[in-house]
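No value in this document is a laboratory result; all are computed from the given coordinates. No experiment lies behind these values; they were computed from the predicted model shown. So basically every Cβ, Gly included, is an ideal-geometry build from the backbone, and we count neighbours across all protein chains shown.
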Amino acid sequence: MDSRKPVKIKVEYDDDTIQEFEIKNLSYEVQKDLAKLGIITCLAHEQKHILVEWKNGWKEVFAVPVDVTTVRNYYVIRRVEETGRLFLNRENGYPELLEILRKPRDVEKVTLI
């Protein structure tokens, strides 16, 4: 595993100008996309996950932003289809929302890892 931590990303334009961005100022989604492309590394100890467990024993892990602090709320919306909504508290005050589509009424336990 690569132990280096990315700090900045540089973008060079066709007129030879260069613009720098600090990785910490990029949104979690942008950092995740850059990691998927192999441009930056995403260190395991900087990631948090949510473990969702169903009544039948099925378990699923979801990656969440590093600044998630606690599980806030979980409820199921029943319309034509059922959708579970899991709200997570974040450090900056705006909650993170995860939608659970797989048997939302059967979710038994949610754990922040």
Check: Among the listed pairs LYS5/LYS109; LYS48/LYS109; LYS5/LYS32; LYS5/LYS36; LYS8/LYS48; LYS36/LYS103, which are separated by more than 24 Å between their Cα atoms?
Finding: LYS5/LYS109; LYS36/LYS103
Next item on the list: Could you tally the net charge around TYR94, taking each other residue with its Cβ under 12 Å from the Cβ of TYR94, Lys/Arg +1 and Asp/Glu -1?
Entry: -1
Item checked: Charge dipole of the range 47-112 about the Cα centre (unit charges at C-beta), most positive-ward option of GLY93, THR111, ILE77 -> ILE77
Note to self: What's the magnitude of the charge dipole for the chain around its Cα centre, counting Lys and Arg as +1 and Asp and Glu as -1 at the beta-carbon? Answer in Debye, nearest 20.
What the structure shows: 800 debye
Item checked: Burial order of peptide ranges 16-23, 55-62 (average beta-carbon count within 10 Å, highest first) -> 55-62, 16-23
Item checked: Relative contact order (%) - criterion: Cα under 8 Å, at least six apart; region: the chain -> 20 percent
Notebook entry, point to check: At a Förster radius of 22 Å, what calculated FRET efficiency corresponds to the Cβ-Cβ distance of LYS55 and PHE87, to the nearest 0.05?
Noted result: 0.55
Check: With a ≥ b ≥ c the root eigenvalues of the C-alpha gyration tensor of the range 47-112, is it rounded (a/c under 1.5), prolate (a/b larger than b/c) or oblate?
Finding: oblate
Notebook entry, point to check: Given the Cα-Cα distance of GLU99 and VAL11 and 0.36 nm per residue of separation, how much length would full extension add, in nm?
Noted result: 28.3 nm
